[in-house]
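Q: Supplied in structure tokens, the structure appears directly below.
The values are calculated or read from the model by the stated rules, or taken from the named source; none is laboratory data. Everything quoted here is computed from the prediction, not taken from an experiment. Positions of Cβ are generated from backbone atoms using ideal geometry, with glycine treated the same way; all protein chains shown enter the neighbour counts. The area values use the complete protein model at the heavy-atom level, side chains included, leaving out ligands, DNA and RNA. Shrake-Rupley method; radii C 1.70, N 1.55, O 1.52, S 1.80 Å.
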Amino acid sequence: MAQLDTQSIIPIAISFAAIYGISRLFKIGVREPHLPPGPPIVPLLGNLHILPLKNAYLKFTEWAKQYGSHILS
């Protein structure tokens, strides 16, 4: 059985990291299946960029109607 040395492990590790990174890129903005419906998310910010600064209750009511939430309606 051939031994794995550092020169062969590094390219394998880089390949796995690249594949993982690319697969994560395709999931940006996609909500996980176990989460309730809602607006699309942005990496690192989540939904912080769409929260209203004034009259937030109006936007929450609109989202409740749009996404079917019984909690917010």
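Q: Please verify whether Ile14 is outside any loop (DSSP other than H, G, I, E, B) and either surrounded by 10 or more Cβ atoms within 10 Å (Cβ to Cβ) or modelled with pLDDT of 85 or more (or both), treating the condition exactly as stated.
A: Yes; evaluated as a whole, the condition is true for this residue.
Q: Tally the residues that are of a type in the set (A, V, I, L, M, F, W, C), open to solvent by less than 60 Å² (accessible area, probe 1.4 Å) and at pLDDT 80 or above, restricting the search to the range 17-44.
A: Of the residues in that region, 1 qualify.
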